[in-house]
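Structure first, then comments.
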């Protein structure tokens, strides 16, 4: 373990969990508390991790004698760790990180669709965005008088176009880089191939195999799972079967409302337990007797039996 | 064959809507650019309305009957507006055009070219991956998929209602993240798949990219109408079309925000041209006063299913 690690609180973990909603964290031990393990969560989304800033974390101090990356989940979950770097917290480092962040081309993530996210470190209003917005508001301000301006002041007709061009050239290059990343990830095959290459490929594969074996269009399927992404994607891929799930809270119904013949699509969950001996699925709403129909990487489909 | 099937709804929307707008307005009031931009949006909405009517009267949520209804609605719109506007002389004529020379001419060409490039790149991106952002597949795409695959306007209810209703022997009901959202956006998604039989949510992106292009065309037309100068018209339209937040919504298709933004923007420009907006000095107060109604009407969950248009 390199010495003086506590003086480098900006941690970048280049890690990709296979399951997109698996919690990721960093663990460490200190020489003064060798029996205690400290931890901090690493924010990540669809294969991209965020910079972890431990400068305000009082546990990141003293002599760090052990470091690990932790993945929460169930057996079979894997995480690809390409490397972990730690940097000093100086104005220069922060500036370089911000500039690299603004200048770097990256693929789409789940938050790209939002203009700004209050509280998110790399999605707060950036200076680039503010300048761009200010520039365009200025243009919009003169637009109502533009007709008169271009008639009365021919020399002012084309003022300001150059600034816009610079901003947009950067954005155009970013869009091209994003498109290239999308093609690398998904390829250019038919829609089934795109789904197979998506981050929810396991869920898609299991849902497709379930649908293939069902003839009754009124087959009911209950989706259980703690993670909104997994249960939402499971429900989406199971359509147009009659799928029940609570997209927002993830609440599971009472066992009394589930009847023989229903299917239960279980993604990762701490609330649900499968008792193999009794062949029962148990949760705080009750228990039902089930028969497993399929399993792919932590996602299981059960059929409710009498 | 599949490519042709996926292009059909786009052709119907573009040609039907454009001809309707062009025929509706007397010469000089709507240029071809305006007609293309406004027409495509009109064509898309009528396509969705066609699916809704077709599904409601028993022909099913199917492209062919919906296309027939869409054509009829375009003809009806053209006839009604043409008759109405013949008696209306309140719309001001366009300002005389200024000749763009030298730098101005090249700027206009450059703006038009980069706008086309932008829409083309976004179109490629939008069709290269399945529905990606959360709301697209949690609340818009769910309805579209069920209606497309079953061919019926199935009802969406809350998870609690689903449990009550699905226990009985009545009609099949569905649930998703926002079951009470109105059907316009999902039906535009269904319309985008034309007569195909396989749910392909990557193809939906084409509509979102062309909607952005329609905004650019309509804005260019309206700005040329009011300024008479092509470089300004193309330049301002390019600035709108190149806004990252709009581009992102076109690239990551499926949200309701882009279609609604385009519709509101087109309506705003049309209202400005006919003088239906307040004076420029009163505009900030007017826009500010609109804010509470915009917020309340965006509470889509409380509006019920009876409303076709989301706000």
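The values are calculated or read from the model by the stated rules, or taken from the named source; none is laboratory data. Fair warning: this is a prediction, and the values are worked out from it, not measured in the lab. Please note: Cβ atoms are built from the backbone with ideal geometry, for glycine as well, and neighbour counts cover all protein chains shown.
The set of residues in region B:114-138 that are more than 9 Å from chain A (Cβ to nearest Cβ) and in a helix (DSSP H, G or I) comprises B:115, B:116, B:119, B:120, B:123, B:126. Candidates in region A:174-197 are the residues that are under 26 Å from residue A:303 (Cα atoms) and more than 7 Å from chain B (Cβ to nearest Cβ); of these, the one that is surrounded by the fewest Cβ atoms within 10 Å (Cβ to Cβ) is A:192. Residue-level check: of (1) closer than 26 Å to residue B:141 by Cα; (2) more than 10 Å from chain B (Cβ to nearest Cβ); (3) under 21 Å from the mean Cα position of the chain (by Cα), residue A:270 misses just (1). Residues that are exposed (fewer than 13 other Cβ atoms within 10 Å of the Cβ), more than 13 Å from every other protein chain (Cβ to nearest Cβ) and modelled with pLDDT of 90 or more: does region B:259-269 have at least one? Checked region B:259-269: at least one residue is exposed (fewer than 13 other Cβ atoms within 10 Å of the Cβ), more than 13 Å from every other protein chain (Cβ to nearest Cβ) and modelled with pLDDT of 90 or more.
Quickly run through region A:246-267 and pick out the residues that are under 14 Å from residue A:292 (Cα atoms), under 21 Å from the mean Cα position of the chain (by Cα) and without any contact (Cβ under 8 Å) to a residue 60 or more places away in the chain.
Going residue by residue through region A:246-267, those that are under 14 Å from residue A:292 (Cα atoms) are A:260-267.
From the residues that got through so far, the ones that are under 21 Å from the mean Cα position of the chain (by Cα) too are A:266-267.
Result: A:266, single match.
If only residues of region A:223-236 that are surrounded by 24 or more Cβ atoms within 10 Å (Cβ to Cβ) and touching a residue at least 40 places away in the same chain (Cβ under 8 Å) are counted, the one that is nearest to residue A:269 (Cα to Cα) is A:225. When A:28, A:108, A:102, A:60 are checked against the criterion of being touching a helix residue (DSSP H, G or I) at 6+ places or on another chain (Cβ under 7 Å), in contact (Cβ under 8 Å) with a residue 12 or more places away in the chain and not in a loop (DSSP other than H, G, I, E, B), A:102 stands alone in meeting it. Checked against (1) touching a strand residue (DSSP E or B) at 6+ places or on another chain (Cβ under 8 Å); (2) more than 9 Å from every other protein chain (Cβ to nearest Cβ), residue B:162 meets all criteria but (2). Mind checking whether some residue in region A:198-217 is within 11 Å of another protein chain (Cβ to nearest Cβ), without any contact (Cβ under 8 Å) to a residue 60 or more places away in the chain and touching a strand residue (DSSP E or B) at 6+ places or on another chain (Cβ under 7 Å)? Among the residues of region A:198-217, not one is within 11 Å of another protein chain (Cβ to nearest Cβ), without any contact (Cβ under 8 Å) to a residue 60 or more places away in the chain and touching a strand residue (DSSP E or B) at 6+ places or on another chain (Cβ under 7 Å), which makes the answer no.
Restricting region B:51-78 to residues that are within 28 Å of residue B:273 (Cβ to Cβ) and touching a residue at least 12 places away in the same chain (Cβ under 8 Å) leaves a set whose member that is surrounded by the most Cβ atoms within 10 Å (Cβ to Cβ) is B:70. Among the residues of region B:139-147, none qualifies, meaning not one is surrounded by fewer than 21 Cβ atoms within 10 Å (Cβ to Cβ), without any contact (Cβ under 8 Å) to a residue 40 or more places away in the chain, closer than 26 Å to residue B:65 by Cβ and at the interface with chain A (Cβ under 9 Å from one of its Cβ atoms).
Filtered by the rule that a residue be outside any loop (DSSP other than H, G, I, E, B) and farther than 13 Å from residue B:148 by Cβ, region B:175-193 gives B:184, B:185. Of the residues screened, residue B:181 is not one that is buried (at least 19 other Cβ atoms within 10 Å of the Cβ) and farther than 25 Å from residue B:41 by Cα. Out of everything in region A:69-95 that is farther than 24 Å from residue A:197 by Cβ and loosely packed, with under 13 Cβ neighbours inside 10 Å, what residue ends up being modelled with the lowest pLDDT? Ranking the qualifying residues of region A:69-95, first place goes to A:75. If you check residue B:162 against the conditions, is it surrounded by 15 or more Cβ atoms within 10 Å (Cβ to Cβ) and within 24 Å of the chain's Cα centre (by Cα)? Taking the combined requirement at face value, the residue does not satisfy it. Elements of the type helices (runs of 4 or more DSSP H) sitting completely within region B:203-251 and holding at least 2 residues that are within 16 Å of residue B:268 (Cα to Cα): these cover B:205-227, B:230-241.
Inspect region A:11-18 for any residue being modelled with pLDDT under 90 and assigned to a loop (DSSP other than H, G, I, E, B) and give the result as yes or no. Yes; the residues of region A:11-18 include at least one that is modelled with pLDDT under 90 and assigned to a loop (DSSP other than H, G, I, E, B).
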